[in-house]
Amino acid sequence: MKRLVLLGSTGSIGSQTLDIVREYAGEFSVTALAAASNTELMEKQVREFGPAYAVLWNEDAAAELKVRIGDLPTKVLSGMDGLLTIASLPDYDILLTAVVGMIGIRPTIAAIKARKTIALANKETLVCAGHIIMPLAKEYGSAILPVDSEHSAIFQSLNGEPKDRIEKIWLTCSGGPFRGKKREELLSVKAEDALKHPNWSMGKKITIDSASMVNKGLEVMEAKWLFGVDYDRIRVVIHPESVVHSMVEYVDGAVMAELGAPDMRLPIQYALFYPDRRPADASRPRADFCALGKLCFEEPDTETFRALPLAVRAGKTGGTMPTIFNAANEEAVAHFLAGRISFLRIVELIEEAMDAHVPVTDPDVDRILEAEKEARESVLKSIK
Ligand code: NDP
Ligand code: MG
């Protein structure tokens, strides 16, 4: 039985992780769950999965949860202390981190130091702190298993081949709801248009990031850290069907890929059971190639979707620059979702924050958090 600590349990990835726990009854026990403020769903999850700990970031929400589950032995904690406590518990095996945003950095570091296996959906953590996380994981012998579908596909396609045999990584991208559109057509798009992703059902922030291609930019940086491949060897290709989840091209020209229906339960399950591959329930979607007929691939339009070259610039600059890219985006997306700024403004604000930033090399966590603050302030100043 694998013992699981799940950060972000009430979100899209978190809920699907608990679907897997439910589907493979008896294979997992849930040691702790964490979310931000969704008391109602957290109560349901606690009643169903009986964790020893439940954390809500928000103190008032945690106080309310304590009352709601007063009849249960589950301990309720709050804030960063709560997240760090559950990440550091001695008696569990896997931390699946599916919180949204760079709030995931410190709990991930704590779990690595407690020598846990990390199943990582929270890409912002690697983008901002990959230079800390990856060496630390090596030092403590913690495996970092990707949950992001593209990275899971690359991980599966690598299958133990040595790094120097990789020629390039092909990162596939659906293109999102605005594929084929030009900048003029995106001037007045609203949050509800950007939230209509053609293939994947995800949390709001990543859905906006997919529409702006910031998500693919973050994924390029995530791939660099996970697989140790230079930016010049990571190529993004638009693939609207989202059936090829990504590919590895080897030095001899052979290309390995993982294909399947777009369903996050597959990469989640792969990380949870790794290195085993378990049969999935018959009710889950499967790729039917006869029905699909054809698969399409296109060059990304980097004139319209400037987030992609901007992310590569941030990644190549390194140090605190990826944090500026990520934090300016987190702040800008929140304002876009609140209807305060236009869609195209998101990426302009990222670029402005990057242009104003003097990068610091090899930042520690405190310096990363300072850069986060600087980026958020830069966005707030610009939109006033
Ligand atoms: P959601 O917005 O659906 O869920 C986010 C989760 O994080 C919720 O449980 C939320 O709690 C919790 N949370 C937010 N802030 C905090 C905090 N400060 N402390 C504790 N918990 C917090 O996001 P997704 O599931 O879509 O995405 C999660 C991560 O996975 C992101 O990094 C995303 O990029 C990545 N990812 C997601 C994919 C997807 O298909 N959704 C695919 C690949 C990667 P509450 O509900 O209370 O707000
Ligand atoms: Mg992805």
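The values are calculated or read from the model by the stated rules, or taken from the named source; none is laboratory data. Not measured: the values here are computed from a predicted model. Note: ideal-geometry Cβ built from the backbone for every residue, glycine included; neighbour counts use all protein chains shown. Keep in mind that these areas ignore ligands, DNA and RNA; they rest on the heavy atoms of the full protein, side chains included. Shrake-Rupley method; radii C 1.70, N 1.55, O 1.52, S 1.80 Å.
Determine the gain in length on full extension of the stretch residue 340-residue 44; use 0.36 nm per residue of separation and subtract their C-alpha separation, reporting nm with one decimal. All intermediate terms of the calculation are to be shown ahead of the outcome.
Working: separation 296, 0.36 × 296 = 106.56 nm, distance 3.40 nm.
Residue separation times 0.36 nm, minus the Cα-Cα distance, leaves 103.2 nm.
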Once you charge only the Cβ atoms, +1 for Lys and Arg and -1 for Asp and Glu, what is the size of the charge dipole of region 304-384 about its Cα centre, to the nearest 20 debye?
-> 340
Helix-only [θ] at 222 nm, the chain, -39500 (n - 2.57) per DSSP H run of 4+, per residue, nearest 500, equals -14500 deg cm²/dmol
Simple spin-label estimate for residue 159/residue 84, 7 Å along Cα→Cβ, in nm, reads 4.3
Length added when fully stretched, residue 295-residue 59, from 0.36 nm per residue minus Cα-Cα = 80.1 nm
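Using a 10 Å cut-off on Cβ atoms, rank the peptides 83-93, 17-27, 343-353 from the highest mean neighbour count down. Can you show the working numbers first?
Numbers: 83-93: 18.4, 17-27: 16.5, 343-353: 21.3.
Answer by packing, highest mean first, reads 343-353, 83-93, 17-27.
Can you give me the % of accessible surface on region 165-216 that is carbon or sulfur? Probe 1.4 Å, all protein chains present, nothing else counted. Provide the component values of the computation, followed by the final result.
Working: 1140 of 2350 Å².
On region 165-216, the fraction of accessible area on carbon and sulfur atoms equals 48 percent.
With +1 on each Lys and Arg Cβ and -1 on each Asp and Glu Cβ, how big is the dipole of region 212-259 about its Cα centre, in debye rounded to the nearest 20? Intermediate results must be reported in sequence, preceding the final value.
Working: 4 positive and 8 negative charges, 29 e Å.
The calculated dipole for region 212-259 is roughly 140 debye.
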In Å², rounded to a whole number, the accessible area per residue of region 6-150 with probe 1.4 Å is 37
Using a basic spin-label model with each label point 7 Å from the Cα along Cα→Cβ, how many nm lie between residue 187 and residue 317?
-> 2.9
Counting only protein heavy atoms and using a 1.4 Å probe, what share of the accessible area of region 1-152 belongs to carbon plus sulfur, as a whole percent?
-> 51
Over region 2-111, what is the relative contact order in whole percent, taking alpha-carbon pairs under 8 Å and six or more residues apart?
-> 32
Cross-link partners among lysines for residue 75, C-alpha distance below 28 Å, same-chain residues fewer than 8 apart left out?
-> 2, 44, 66, 113, 116
Options 50, 170, 159, ranked by Cα towards positive dipole end of the chain, top entry (Cβ charges) = 50
Dipole of region 63-156, Cα-centred, from +1 at each Lys and Arg C-beta and -1 at each Asp and Glu C-beta, to the nearest 20 debye?
-> 200
Backbone HN-Hα couplings from phi across region 130-147 [Karplus 6.51/-1.76/1.60, Hz, Gly and Pro as x] = x, 5, 9, 4, 5, x, 5, 4, 5, 4, 8, x, 8, 7, 10, 9, x, 9
Bins of 20 Å from zero: percent of alpha-carbon pairs in the chain | 28, 61, 11, 0
Residue 320's amide H: which non-local residues (gap 5+, or another chain) put their own amide H closer than 5 Å, with H modeled 1.01 Å from N in plane and none for Pro or chain starts?
-> 360
Cβ-based charge dipole, region 242-384, positive-most Cα from 338, 325, 243 = 338
Non-local amide H neighbours of residue 287 (under 5 Å, H modeled in plane, Pro and chain starts lacking H): which ones?
-> 261
Equivalent-ellipsoid semi-axes (√(5λ), Cα gyration tensor) for region 129-238, whole Å, largest first?
-> 30, 15, 12
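Using a Förster distance of 41 Å, how high is the FRET efficiency between residue 232 and residue 93, based on the Cβ-Cβ distance and rounded to 0.05? Present the calculation step by step, with values, prior to reporting the outcome.
Details: r = 37 Å, r/R0 = 0.90.
Efficiency, from the Cβ-Cβ distance: 0.65.
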Which cross-chain or sequence-distant (5 or more) residues have an amide H under 5 Å from the amide H of residue 145, H modelled 1.01 Å from N in plane?
-> 118, 119, 120
Could you work out how far apart the two model spin labels at residue 195 and residue 19 are, taking each label as a point 7 Å from the Cα in the direction of the beta carbon, and quote it in nm?
-> 1.9
Please turn the phi angles of region 157-164 into ³J(HN,Hα) values with the Karplus equation 6.51 cos²θ - 1.76 cosθ + 1.60 (θ = phi - 60°), one per residue in order, whole Hz, x for glycine and proline.
-> 6, 6, 6, x, 5, x, 4, 6
P(r) for region 1-148: what percent of alpha-carbon pairs falls in each 5 Å bin, starting at zero?
-> 2, 11, 22, 24, 21, 13, 6, 2, 0
Filtered hits (lysines, Cα-Cα < 30 Å from residue 384, offset >= 8 within chain) -> 123, 181, 182, 190, 196, 204, 205, 216, 373
